[in-house]
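Since the structure comes first, as C-alpha cells, the remarks are kept for the end.
The values are calculated or read from the model by the stated rules, or taken from the named source; none is laboratory data. Keep in mind it's a predicted model, so treat the numbers as computed, not measured. Glycine gets a Cβ as well: all are built from the backbone with ideal geometry, and neighbour counts include every protein chain shown. We work out accessible area using only protein heavy atoms, side chains counted, and drop any ligands, DNA or RNA first. Shrake-Rupley method; radii C 1.70, N 1.55, O 1.52, S 1.80 Å.
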Amino acid sequence: DQPNQKLSLEGNECIKANALSCGECIQVGAKCGWCTDTFLKQGEPTSARCDELESLRKRGCATAKIENPHGSQRILKNKAVTNRKKGAEKLRPEDITQIQPQKLSLNLRSGEPQNIKLKFKRAEDYPIDLYYLMDLSYSMKDDLENVKNLGTSLMKEMSKITSDFRIGFGSFVEKTVMPYISTTPAKLLNPCTGDQNCTSPFSYKNVLKLTSNGEQFNSLVGKQQISGNLDSPEGGFDAIMQVAVCGEHIGWRNVTRLMVFSTDAGFHFAGDGKLGGIVLPNDGKCHLENNMYTMSHYYDYPSIAHLVQKLSENNIQTIFAVTEEFQPVYKELKNLIPKSAVGTLSANSSNVINLIVDAYNSLSSEVILENSKLPEGVTITYQSRCKNGVVNEGENGRKCSNISIGDEVSFNINITAQGCPKQVKPESIKIKPLGFTEEVEILLNFICECECHKHGIKNSDMCHNGNGTFECGACRCNKGRVGRQCECRKDEVSTEDLDKNCRKDNGTDICSNNGECVCGTCECKKRDNPEERYSGKFCECDNFNCDRSNNKLCGGHGRCECRVCICDANYTGSACDCSLDASTCLASNKQICNGRGICECGTCRCTDPKFQGPTCEICPTCPGVCTEHKSCVQCRAFGTGEKKDTCERDCSYFNLIKVKDRDKLPQPVQAFPLMHCKERDANDCWFYYTYAVNNTEKEVHVVEALASYDPFNDVCLVFGLALLLIWKLLMIIHDRREFAKFEKEKMNAKWDTGENPIYKSAVTTVINPKYEGK
C-alpha cells in the first residue's frame, strides 16, 4: 500500500476539498477538474465529481465532459526599450523607455502560475535630477565654503554622464524647540557664541528648486549662513521627509532622482521628539510654506521605515555623504534603505564631487525590482537573468548588478493565486525598478467559475421541484436544502425515519460505517487515495479490499469491484494470479512441460521427480549428464577441450565454482538433485566435478587441480587381486584336507568299557567308635 499512500499525500487536495460545485472545485488547485457527465456510482456524493484529471478519466468521465479552465495573459502596452546614443536627438523624459512591457492583463486560475517576462535596459544619456541637502549646523562651517562653488563644478562633471542635468539645494539644522536649541531671545537670533555671526536656527529650508543653471546654484548657496544647535544629532530626517514628499516645491521630474545628504553628525528619529514634548507621529505630508518646514514643533521625527516607504514611493535614491567618524552608523542605515549609498566626506567636503559621481555609478549599475502590495492569496516569485549568463532566484532574483549603460537584462516573474478573493473583482499590482519612475502595471482577473456555470438553469425541475440550480451536471442547492437533488431540508437530514433507509438488512450500522445518511440516502466517505472509493446503496462495496498477489491488487491483472476481483482475459483465481496461458509451459520439443509435468497457472509442476526446471527439461541425475557437460567444464575450468575456441558462446549457461580438492565438492541433498562426475581429458588426466540445478540456476563445482593417470596403480591392483585369490584358494584346500582327516579319525575310533583308574567314589563311610551294636 505504500506507493498508493505516497500518491494520496502528493495529489489528493481535490478529494479532500468536498467541493459541491464546479467553481469551488477549480479553486482548490490546478490539478482539479469537474466532471459534468452522468458517471457517479450509487452512493457517491456530488463532491466526487471533483477529482484529479487522470483519476476522472479512469473512473469513466469523458475528456470532453471535464471542466478544467486555464489561465491566460494579454499584453496591453508594449513599447520597446529606448535604444539611443548620447548626442542623438534629445528626447523628453516621458519618451524614454527602460522597461518592457508596460501593461499586462492576467487571468489567474487557482494554483496555476502565470509567467511574464520583463526586459530592462539602461538608457544612455538619461536625465538626472540631483538635490543637495546639507547640514548647516556650526560644525559644517568649513564645508559650506567648498559647496558654494559646487553648482558649476558638478554640472561640468555630470555632463560626462548626461546632457540633461538639474541641481537643487536645501539645508537643515534642528527642531526649533528646547532642548534641541536654546530658546533665549538672543540665541534665537544668533545661536553661535562669541563674535560669530550665524543665522537663526531652523528645521529645513528649500533654498533652490531644481535647476539647470549652475551659476544660480553658486549664487544662492554663497549667500547661506551657518546656524547652530545644542545637541549633537541633527534633525536631518525631517528634511529628508519633506524633500521626498514635496515634489512640486523641489521640482522633481520623472527621471533619475538623486538626493545627497551631507552631514558630520548622527540623526534623530521617531520617539526622540518626546524630549521636546512632541508626541504626534510624523504624517508624511508636505508642510512647506515659503520654502520653510513649518511643522517641526508639531510632528515627531519620522521613523526609518516611514522614510524607506516615502523614498521608494517617490523613486528617490539617497547618497549619504558623511565624515569618517559616522561611517558605521550610516552604513547600517544604508542596509535598511534600498537604492542608497554611503560615501566618506572629507573634513571640509572638498571631495564631494568625486563622492557623488562614484555613488551614482554604484547605484545606477544595479537594478532591483519591487512590487506593490499583493491581493490576498496572490504570491509572486522572481528569477533574474543578468550579464554573462548569471541567473539569480529567490530574493536575489529581484536584482541584477554590474549593469553598464546600454546593457539589457531580463526577469522571469511567476504570479500565482490560491483560491479567489472574498470580493471577486479585478485587482492590479505594479512592479517597478527601485529608483526609477517607470513601472509595469499588471491587471489581475480571477477565474472563480467554470464555463458551464453560465448555462446553469435556476430553480430547475431536476433539482426536486426547483429547489436548486442545475449547472455543470449537478444541482447547486438553494439555501437550506441538501441532497443530490436538493430533496431535503437541512433540519430533517438526520431524522430516525430517514436513517432506516441507510441500514442494510435492518442492521445497526448506518451506511456500513463507510458513509453518512443524507435524506435517507447513503453518501459514501472519500478515501485519501483518489484511486480508492466506497460505493453501493449502503456503501458496502469498495475497490481496494480485494485479494492481492505480489503486493498488487488483483495481481495487477484485474480490477476490484465490490471486494471481488474481476480478472482480465487469460487470468483466473481470487487474486487474478493464475495465468491460463500455457505458452510459458512449452518445452523445446513443443510438449507441455516436456511431457513430464502439469501446467498450472502458467508454471510447470513436474510429476517425474528426476526432472525439474520451468519446463521439466532439466535432469541433473540422468545418464549422460557428465558426458554432456564435459567439454564445457573443460574449457571453462582449464581452457582445454573441444570447445575451448567457442567456450564463451557455447558454455556460459552454468555458474562455475572451483574447489581445492574432492572433499570440498558438494554432497547430494534432498533440496535439489546433484550428479558427481569423473572424466578423463586428452592427456589422460582425471578431473572431478558436480552438476546440479538449484531452482533455475545451473551450478558446476569443479576441483581446480587435474589428477594424473598412474599405470603403476593398475598393476598393484591386479597383483593384489591375484594374491587375494591365491590366498583364498589355499585356504579352501587346507580346510578340505582338515575336514577329510577329521572324518577318517572318526571312522577309526574304538571305545573301552573298563573302570577308570582315576575314578573316585563320591561316597565316604564313617564308623562311630562308641557304637556297641546294641
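Find out how many positive minus negative residues lie around THR469, taking Lys and Arg as positive, Asp and Glu as negative, among other residues whose Cβ is under 10 Å from that of THR469. Combined, the nearby Lys, Arg, Asp and Glu give +1.
From Cα pairs below 8 angstrom and at least 6 apart in sequence, can you work out the relative contact order of the chain, rounded to a whole percent?
About 10 percent, as a whole number.
Computing Rg and the Kirkwood Rh from the Cα coordinates of the range 290-409 gives a ratio, Rg/Rh, of 1.04. Ordering GLN73, THR97, ASN83 by Cα displacement along the dipole of the range 65-118 toward the positive end leaves ASN83 in first place; charges were set at the Cβ atoms of Lys, Arg (+1) and Asp, Glu (-1). Within the straight-line cut-off of under 18 Å between alpha carbons, the aspartates and glutamates reachable from LYS658 are GLU648, GLU679, ASP681, GLU697, GLU699, GLU704, sequence neighbours fewer than 8 places apart in one chain being disregarded. For LYS746, a cut-off of 30 angstrom between C-alpha atoms picks up these lysines, skipping any fewer than 8 places away in its own chain: LYS728, LYS760. Helical content alone sets the calculated 222 nm signal of the chain at -6000 deg cm²/dmol, taking -39,500 (n - 2.57) per DSSP H segment of four or more residues and averaging over every residue.
Leaving out ligands and nucleic acids, and using a 1.4 Å probe, what accessible area per residue does the range 10-69 come to in Å²?
In whole numbers, the range 10-69 has 41 Å² accessible per residue.
Amide H contacts for GLY597 (H built 1.01 Å from N in the peptide plane; partners 5 or more residues away or on another chain; cut-off under 5 Å): THR607. For the chain, the Stokes-Einstein estimate of translational diffusion at 10 °C and a viscosity of 1.306 mPa s comes to 41 µm²/s, using the Kirkwood hydrodynamic radius over alpha-carbon pairs.
Could you rank LYS454, LYS643 by how accessible they are, 1.4 Å probe, largest area first?
The ordering from most to least exposed comes out as LYS454, LYS643.
Straight Cα distances below 17 angstrom link LYS643 to the lysines LYS630, with same-chain residues fewer than 8 positions distant left out.
For the range 10-69, the dipole from Cβ point charges (+1 on Lys and Arg, -1 on Asp and Glu) about the Cα centre works out to 180 debye, to the nearest 20. Largest accessible area first, the residues ILE99, ILE161, ILE733 order themselves as ILE733, ILE161, ILE99 under a 1.4 Å probe with ligands, DNA and RNA left out. Counting only heavy atoms of the protein chains and using a 1.4 Å probe, ASP528 has close to 80 Å² of accessible surface. Dividing the convex hull volume of the alpha-carbon atoms in the range 544-622 by its residue count gives 87 Å³ per residue. Taking every Cα-Cα distance in the range 466-531 and sorting them into 5 Å bins from zero, the calculated P(r) comes out as 4, 19, 21, 19, 18, 13, 6, 1 percent. Rounded to whole Å, give me the distance from the Cα center of the range 445-472 to that of the range 397-437. The range 445-472 and the range 397-437 have Cα centres spaced 38 Å from each other.
Applying a threshold of 21 Å to the alpha-carbon distances of LYS490/LYS525; LYS339/LYS430; LYS58/LYS525; LYS156/LYS331; LYS79/LYS430; LYS117/LYS422 flags LYS156/LYS331; LYS117/LYS422 as lying beyond it.
Computed from phi, the 3J(HN,Hα) profile of the range 630-647 under the Karplus parametrisation 6.51, -1.76, 1.60 (θ = phi - 60°) reads 4, 5, 6, 5, 4, 5, 6, 8, 10, x, 10, x, 5, 9, 5, 7, 10, 4 Hz, with x in place of Gly and Pro.
Please report the carbon-and-sulfur percent of the accessible area for the chain; probe 1.4 Å, protein heavy atoms only, DNA, RNA and ligands left out.
49 percent
A cut-off of 5 Å between modelled amide H atoms, ignoring neighbours fewer than 5 places along the same chain, links ILE167 with LEU130, THR211, SER212, ASN213. With all protein chains kept in place, the per residue accessible area of the range 136-365 amounts to 41 square angstrom at a probe of 1.4 angstrom. Using all pairs of distinct alpha-carbon atoms, the Kirkwood hydrodynamic radius of the range 136-365 works out to 17.9 angstrom.
Which order do THR162, THR469, THR152, THR584 take when ranked by solvent-accessible area (1.4 Å probe, heavy atoms of all protein chains), largest first?
So, going from the largest accessible area down, we get THR584, THR152, THR469, THR162.
Local charge for ASN218 was computed over the other residues whose Cβ lies under 14 Å away, with Lys and Arg +1 and Asp and Glu -1, and equals +1.
In units of the compact-protein estimate 2.2 N^0.38 Å, the range 625-703 shows a Cα radius of gyration of 1.05.
Write down the accessible area per residue of the range 625-703 in Å², having rolled a 1.4 Å probe over the full set of protein chains.
Accessible area per residue: 59 Å².
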